[in-house]
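Scroll down for the structure; my scribbles are underneath it.
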Amino acid sequence: MASELRVNTLKDASGNNSVATSVVFGGSAKAWLDYNQSSNNIDGSYNVSSVSDDATGRFSYTMSNAMSNANWSMPYTSTAAVAMINSAVTSTQGKCRSRDASFNDADATQNCTCNHGDLA
């Protein structure tokens with residue numbers, strides 16, 4: 001039997017650290033990824049179903065649950081000298097690009113990104 005819990009505020013077990021559920025829903029990352037392109041290994045993720053190594057310094061990832069549209073935010077960091085976002089191409093896919101200090105595309109050992117926006 002399905003049930004529903006309706007609350008306005010969440011608190012930790014000791015009754016401290018309260019947060020409005022609207023903050024949790026609206027401000028939490030809807031997906032995140034820690035990807036080692038050098039070894040083609042996903043070191044950690046949430047709501048990411050697959051990663052594609054598209055070329056040196058370029059990869060794309062697919063989310064398990066779609067965003068409501070293609071207009072979502074995707075900050076990205078990398079162990080390469082320069083981390084760039086190509087685009088949030090669709091409601092289910094993001095593309096990332098990393099470059100070395102000479103601005104040549106380069107695989108990085110750690111690429112981290114997260115998605116902010118509304119899920120479909």
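Assuming charge only on the beta carbon of Lys and Arg (+1) and of Asp and Glu (-1), the dipole of the stretch 46-112 about its Cα centre is about 160 debye to the nearest 20. Taking the square roots of five times each eigenvalue of the Cα gyration tensor of the chain, the equivalent ellipsoid has semi-axes of 32, 16, 13 Å, listed largest first.
Between Lys11 and Val89, the modelled labels are 4.8 nm apart [label points 7 Å from Cα along Cα→Cβ].
One Cα centroid belongs to the stretch 90-120, the other to the stretch 21-81; the line between them spans 7 Å. Taking all Cα pairs closer than 8 Å and separated by 6 or more residues, the relative contact order of the chain comes to 27 percent. Can you classify the stretch 2-61 as rounded, prolate or oblate using the Cα gyration tensor, where a ≥ b ≥ c are the square roots of its eigenvalues, rounded means a/c under 1.5, and otherwise it's prolate if a/b beats b/c and oblate if not? In terms of gyration-tensor shape, prolate.
For the stretch 1-34, the residues whose backbone nitrogen is under 20 Å from a point 7 Å from the Cα of Ser73, taken along Cα to Cβ, are 19-34.
Please compute the length gained on full extension between Ala81 and Glu4, using 0.36 nm multiplied by the number of residues separating them and subtracting their Cα-Cα distance. Working it through step by step, the gained length comes to 23.0 nm. Between Ser28 and Ser49, the contour length at 0.36 nm per residue exceeds the alpha carbon distance by 5.7 nm. Here r is the Cβ-Cβ distance between Ala20 and Ala66 and R0 is 22 Å; the resulting FRET efficiency, rounded to 0.05, is 0.30.
Read the figures in this text as sums done on the coordinates, not as results from a lab. The structure presented is a predicted model; accordingly, all values stated were derived computationally and were not measured. Using ideal geometry, Cβ is built from the backbone for each residue, glycine included, and neighbour counts are taken over all protein chains shown.
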